[in-house]
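Read through the structure below, which is laid out as C-alpha cells, and then see the notes.
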C-alpha cells in the first residue's frame with residue numbers, strides 16, 4: 001500500500017472507531033512505530049527517513065499523539081541536509097499549517113523549521129496571510145515572521 005494511503009487509512013480507522021484504535025496504531029509504521037521507522041533514522045540523516053518524514057508532514061494524519069510525532073519530526077528535520085525540492089515541500093507544509101484549524105503541538109516546531117527553509121517568496125506568502133480577519137492565523141504568521149527575520153539569511 002502507498003504510504004499516503006496507509007497514513008490516511010490509519011486516520012480513518014481512528015476517526016471511525018470513535019476512540020483510539022490502539023492495536024492498529026501500534027502496528028503501523030505511521031502510528032506508534034513512527035519513532036523506530038522514521039524518527040530514529042532521521043536522527044542519523046538517512047535520506048529515505050528524510051523523505052518519509054516530509055511525506056508524513058505533508059499528509060498530516062490526525063490520530064492520538066500524531067501532533068507530537070509531527071513536532072518531533074519537524075525538530076529533527078531542522079538539522080537534516082535538505083534538497084531544494086524538500087525545502088519547497090516543507091515551506092508548503094508550514095504555509096498550510098498557518099491556515100489550518102487542525103494544528104496542534106506541532107506548530108511551535110513548524111515555526112522553528114521555517115527558519116531553516118524560508119526564502120523571500122515564503123516571507124511574502126506569510127506576510128500576505130497577515131491580511132486575514134482570523135486573529136489566530138495572524139498570530140501564527142507573526143510568530144513565523146518574527147523567527148525568520150531574527151535569523152535572516154537572505
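Each value in this text was obtained by applying a stated rule to the coordinates, not by laboratory testing. Because the structure is a prediction, the values reported are computed rather than measured. Virtual Cβ from ideal backbone geometry, glycine too; neighbours counted across all protein chains shown.
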Open item on the list: I'd like to check something: does segment 52-61 contain any residue that is over 23 Å from residue 6 (Cα atoms) and crowded, with 21+ Cβ neighbours inside 10 Å?
Closed with: no
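Assess whether residue 89 counts as being within 12 Å of the chain's Cα centre (by Cα), assigned to a helix (DSSP H, G or I) and surrounded by 15 or more Cβ atoms within 10 Å (Cβ to Cβ).
Details: within 12 Å of the chain's Cα centre (by Cα): yes; assigned to a helix (DSSP H, G or I): yes; surrounded by 15 or more Cβ atoms within 10 Å (Cβ to Cβ): yes.
Against the criterion (within 12 Å of the chain's Cα centre (by Cα), assigned to a helix (DSSP H, G or I) and surrounded by 15 or more Cβ atoms within 10 Å (Cβ to Cβ)), residue 89 qualifies.
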Task: Members of segment 92-111 found to be in a loop (DSSP other than H, G, I, E, B) and within 16 Å of residue 59 (Cα to Cα), listed by number - done: 100, 101, 102, 103, 104, 106
TODO: Check whether at least one residue in segment 67-84 is farther than 20 Å from residue 118 by Cβ, touching a residue at least 12 places away in the same chain (Cβ under 8 Å), exposed (fewer than 15 other Cβ atoms within 10 Å of the Cβ) and under 11 Å from the mean Cα position of the chain (by Cα), and report yes or no.
DONE: yes
TODO: With the checklist (1) more than 21 Å from residue 2 (Cβ to Cβ); (2) over 13 Å from the mean Cα position of the chain (by Cα); (3) surrounded by 15 or more Cβ atoms within 10 Å (Cβ to Cβ) in hand, flag the one item residue 49 doesn't pass.
DONE: (1)
Task: Among the residues listed as 114, 128, 142, the single one being within 19 Å of residue 72 (Cβ to Cβ), without any contact (Cβ under 8 Å) to a residue 60 or more places away in the chain and part of a helix (DSSP H, G or I) - done: 114
